[in-house]
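Some notes on the structure that comes next.
No value in this document is a laboratory result; all are computed from the given coordinates. Not measured: the values here are computed from a predicted model. Backbone-built Cβ (ideal geometry, glycine too); neighbour counts: all protein chains shown.
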Amino acid sequence: MAASPHTLSSRLLTGWVGGCVWYLERRAMQESPHKFMHLFRNINKQWITFQHFNFLKRMYVTQLNRSLNQQVKPKPEPVTSPFFEKISSGQAKAEVHELRPISPPSLPLSRKANEKELIELESASVIEASIDVGNATKEEKQWKEMKLHVDDLPGILARLSKIKLTALVVSTTSAGFALAPGPFDWPCFLLTLLGTGLASCAANSINQFFEVPFDSNMNRTKNRPLVRGQISPLLAVSFATCCALPGVALLTWGVNPLTGALGVFNIFLYTCCYTPLKRISIANTWVGAVVGAIPPVMGWTAATGCLDAGAFLLGGILYSWQFPHFNALSWGLREDYSRGGYCMMSVTHPALCRRVALRHCLALIGLSTAAPILDVTTWTFPVISLPINLYISYLGFRFYRDADRKSSRKLFFCSLWHLPLFLLLMLTCKQPPGGGSDKGEPQS
């Protein structure tokens, strides 16, 4: 049976295409492009299809351009987070090996060998770079002991001793010394401030030494020097000892034994009573208020050498002021105190926390009235201090009623400026020497 013209043309086309492929593989590099056009001839009036044309075009371009290499567009560098930006640039640097384009040689066998060598070298360089980066990340993840530099030591010791709290203690001590009756003795005043400051640094350092495992769980205290390992516990205890011994010695032999005894008692009360009570009972707030009330008493005894009504009045003022101050502060830190395992009024007894703050805000008004009665100030003081006392009492009432962070924050910030202004008004209205004793004497 004779084959149809369509079948014959298909067979001829298939054989012809195979011959063209073989022909292009052998002679494409030497043939000129015009010979390629001879392929477009008519076979039994059947033209080559578009698919065949594309196939032949790709084969032709491949044979003539074997030296072409694909150029990969480099990926953009990923945006690093602020945490990884803190890594030092010296540790994070990794060598980048550039792939240099090499012109293809004339001989095909040598070209293939060189290409294999280049691929091996490039893969080896990439592996080395990845190993370097991997070692750098492993070193960064490993625990490293923080080295202590001499330049950083003053700042670390200042944070260990809670320098801001120590400054508040010294300022209340100076107010007690200045409000005491009698002449102002500058050497005794300076020795009192120095001894009280050293005693406060010692107490605060021992407090941080005991609370390291608990401070690490709180956001407010997790950056303290002992928690971060910036100094060793031995150095912290040594620093506390070097502050406590000369501080107590200055207060005892440089001022008077009564002031030195009050200093020793305050260190003991803060480190051995208040610190462990913070994890046991809410009574720690009242014990801590006594600790804060002793420094102005020490200033009074340093000037007078005795404990009288004026000393207890100043202690009572500082005692009452601390409740709105600390209760408002602890209200905003309830989650932190709960995480650290501390037993605070704001956590376990929130209603009592607000009542106590309001109660002692109102107590400040009564203590201001008692100041002229005890001949510490004139009667002008309760009058001019009434506006600030009423304002802090109003904020205490808002805190008691609203029980939110906004009201507690306002009360806390008000307590920060209330105390220095209150003591300054007391100093301006201080009873002049002999003013109280002359009131009952008849005029001659």
Tabulate in residue order the Karplus-calculated ³J(HN,Hα) for the range 343-354, using 6.51 cos²θ - 1.76 cosθ + 1.60 with θ = phi - 60°, rounded to whole Hz; enter x for Gly and Pro. 9, 10, 4, 5, 8, 8, 9, x, 5, 5, 4, 6
List the residues whose amide H sits under 5 Å from the amide H of Thr377, counting only those 5 or more places along or on another chain, with H placed 1.01 Å from N in the peptide plane. Gln431
For the range 325-376 and the range 232-292, write down the distance between their C-alpha centroids in whole Å. 22 Å
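Between Arg405 and Ala158, what's the calculated FRET efficiency when r is the beta-carbon distance and R0 is 35 Å? Round to 0.05. Don't skip to the answer; put the middle values down first.
Details: r = 30 Å, r/R0 = 0.84.
Plugging the Cβ-Cβ distance into 1/(1 + (r/R0)^6) gives 0.75.
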Taking the Cα of Leu427, stepping 7 Å toward and past its beta carbon, and measuring to each backbone N in the range 364-405: which are under 15 Å? none
Want the number for Leu374 to Leu165: 0.36 nm per residue separation, take away the alpha-carbon distance, what's left? 72.3 nm
Give me the net charge for the shell around Lys164: Cβ to Cβ below 14 angstrom, other residues only, Lys and Arg +1, Asp and Glu -1. +4
Beyond 28 Å (Cα-Cα) in this structure, taken from Lys278/Lys410; Lys162/Lys430; Lys278/Lys430; Lys162/Lys410, we find Lys162/Lys430; Lys278/Lys430
Taking the Cβ of Arg220 as the center, what net charge do the other residues with Cβ under 11 Å away carry, scoring Lys and Arg +1 and Asp and Glu -1? 0
So what J values fall out for the range 221-227 if you push phi through Karplus, 6.51 cos²θ - 1.76 cosθ + 1.60 with θ = phi - 60°, rounded to Hz, Gly and Pro as x? 10, 6, 9, 5, x, 6, 5
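Fully extended, how many nm does the chain gain between Ala249 and Ser232 (0.36 nm per residue separation, minus their Cα-Cα distance)?
On the way: separation 17, 0.36 × 17 = 6.12 nm, distance 2.63 nm.
In short, 3.5 nm is gained.
Using DSSP to define loop residues, name the trypsin sites (Lys or Arg not before Pro) in the range 141-219 whose beta-carbon has at most 14 other beta-carbon atoms within 10 Å. Mind dumping the intermediate values first?
Working: sites: Lys141, Lys144, Lys147, Arg159, Lys162, Lys164; in loops: Lys144, Lys147, Lys162.
Here the trypsin sites (Lys or Arg not before Pro) that fit, given the DSSP loop and packing criteria, are Lys144, Lys147.
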With θ taken as phi - 60° and the coefficients 6.51, -1.76 and 1.60, list the Karplus ³J(HN,Hα) couplings across the range 158-174 in order, rounded to whole Hz; mark glycine and proline as x. 5, 6, 5, 8, 6, 4, 5, 5, 5, 5, 5, 5, 5, 5, 5, 5, 5
